[in-house]
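Working notes for the structure below.
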Amino acid sequence: MTKTAWVFPGQGSQALGMGVDLANLPIAQEKYAAAETILGWSVLEICANAEDKLSSSLYTQPSLYVVESILVDLMRDRHQQPDLVAGHSLGEYVALYAAGVFDFETGLQLVKYRAELMNTVAGGQMTALIGFNREQLDAQITATPDVVLANDNSDGQVVISGTPDAVEAVISAIKVKRAVKLNVAGAYHSPFMEPAQAQFQNALDAVPFTDAIVPVLSNTDPTPETKAEVLKQRISRQMTGSVRWREIMLQLPQEGIESVVEIGPGKVLSNLIKRTCSDLVVANVSTAADLPA
């Protein structure tokens with residue numbers, strides 16, 4: 001049997017219309033109704049009509065979690081099961097749901113609170129860098145206070161996070177092919193998120209986790225893990241820690257993974273995996289039409 005990993009994208013992969021084609025499926029209807037009770041607003045309405053809100057963390061993160069979780073349920077309904085899971089930033093919550101660590105409602109409540117807290121931390125900047133010398137970049141980040149490597153996505157694509165002055169200082173000091181400022185409220189995945197993380201920890205402590213049914217590769221520790229207490233410790237560090245996606249991708253072949261399915265809108269993770277691990281077979285499930293028969 002082919003060993004398969006399911007991976008889940010995070011903020012930045014959202015797209016107007018995502019999840020709308022699922023609305024008539026009973027599994028989706030149940031989840032959309034449950035989500036509206038928890039959130040106080042309709043994920044379907046936001047995804048269908050409100051592009052401005054869909055770009056705000058308050059709406060993006062819960063919407064992605066809901067749509068991706070529904071796709072997980074639909075995959076299971078078709079007797080599909082992964083051998084390993086991983087998610088990029090927000091996507092790690094869907095990975096934990098897919099691994100049976102918590103139920104849909106528990107995960108959504110955590111994601112809702114996470115989005116609210118992250119939205120309160122203003123004044124920071126995140127910028128994606130494409131095409132650079134890795135050693136030069138690492139040295140410049142080390143030499144510059146108030147900036148960190150937030151997303152280590154691949155050898156040629158990262159995101160740095162910190163104060164606007166510090167981020168701009170790093171960019172101006174190195175040769176970079178392209179720098180794209182991200183439309184986010186604050187310096188996510190950096191020490192600037194410590195006040196938000198401290199508040200989030202209280203909510204996390206109150207939530208029971210169960211051991212995962214398949215191994216999870218976490219953003220803060222890209223090694224396979226199933227123990228509930230370890231997975232909780234890892235997710236608790238995620239808000240201030242770097243997303244080590246490059247290492248997660250490199251770990252996949254080490255775990256005997258031969259195929260990867262990106263579950264969620266877009267092909268961001270698929271494209272990164274194709275460039276980094278060219279021997280892996282990569283597929284996408286972002287709509288009902290993509291689901292296996």
Rounded to the nearest 0.05, what FRET efficiency is calculated for GLU135 and LYS3 with R0 set to 35 Å and r the Cβ-Cβ distance? 0.55
Among PRO62, PRO195, PRO82, the residue with the largest mean-square fluctuation in a Gaussian network model of the chain built from Cα contacts under 10 Å is PRO195
HN-Hα J couplings of the range 269-275 from phi, Karplus 6.51/-1.76/1.60, θ = phi - 60°, integer Hz, Gly and Pro as x? 6, 4, 5, 5, 5, 4, 6
Please report how far the C-alpha centroid of the range 216-268 lies from that of the range 46-94, rounded to the nearest whole angstrom. 16 Å
Tell me the Kirkwood hydrodynamic radius of the chain in angstroms, computed as one over the mean inverse distance between distinct C-alpha pairs. 19.2 Å
Extreme residue, positive dipole direction of the chain, given options GLN61, VAL43, ALA212 (C-beta unit charges): GLN61
Just to verify a number: what accessible area does GLU105 come out at with the full protein assembly present, 1.4 Å probe, Å² rounded to tens? 80 Å²
From the Cα gyration tensor of the range 136-293, with a ≥ b ≥ c the square roots of its eigenvalues, which class applies: rounded if a/c is under 1.5, or else prolate if a/b is larger than b/c, or else oblate? oblate
Which FRET efficiency, nearest 0.05, do SER236 and ASN24 yield, Cβ-Cβ r, R0 41 Å? 0.60
The range 1-138 shape via C-alpha gyration tensor axes, a/c threshold 1.5: oblate
Apply the Karplus curve 6.51 cos²θ - 1.76 cosθ + 1.60, θ = phi - 60°, to the phi angles in the range 244-256 and return the couplings in whole Hz, x for Gly and Pro. 8, 5, 4, 5, 4, 4, 5, 6, 4, x, 5, 8, x
Fraction of antiparallel bridges per DSSP, the chain only, in percent to nearest 5: 55 percent
Among GLY156, ALA95, PRO191, which residue has its Cα furthest toward the positive end of the charge dipole of the chain, with +1 on Lys/Arg Cβ and -1 on Asp/Glu Cβ? GLY156
May I ask for the net charge around ILE174, where only other residues with Cβ less than 12 Å from the Cβ of ILE174 are counted and Lys, Arg are +1 while Asp, Glu are -1? 0
Two-site label geometry, SER172 and ARG76: point separation in nm, points 7 Å out along Cα→Cβ: 5.2 nm
Can you show me the helix-derived [θ] at 222 nm for the chain, built from DSSP H runs with n ≥ 4 at -39,500 (n - 2.57) apiece and divided by the number of residues, rounded to the nearest 500. -13500 deg cm²/dmol
Residues whose placed amide H lies under 5 Å from that of VAL260, excluding near-sequence neighbours: ALA5, VAL281, VAL282, ALA283
Considering the chain as a Gaussian network with a 10 Å cut-off on Cα pairs, which listed residue, THR142, THR127, THR106, attains the greatest mean-square fluctuation? THR142
Amide proton proximity set for SER286, modelled H, under 5 Å, gap of 5+: GLY264
Gaussian network model of the chain, Cα springs within a sub-10 Å range: biggest mean-square fluctuation belongs to which of ARG178, ARG234, ARG246? ARG178
Here FRET efficiency (C-beta to C-beta, LYS227 to GLU247, R₀ 25 Å, nearest 0.05) is 0.80
Dimensions in Å of the range 59-124 - Rg and Dmax from alpha carbons: 12.8, 46
With Rg and the Kirkwood Rh both taken from Cα atoms, where does Rg over Rh land for the range 209-290? 0.99
For VAL243, distant residues with modelled amide H under 5 Å away: ASN151, ASP152
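The values are calculated or read from the model by the stated rules, or taken from the named source; none is laboratory data. If you're wondering where the values come from, they're calculated on a predicted model, not measured in any experiment. When we count neighbours, we look across all protein chains shown, and the Cβ atoms used for this are built from the backbone with ideal geometry, even at glycine. In case anyone asks, the SASA skips ligands and DNA or RNA and just uses the protein heavy atoms, side chains included. Shrake-Rupley method; radii C 1.70, N 1.55, O 1.52, S 1.80 Å.
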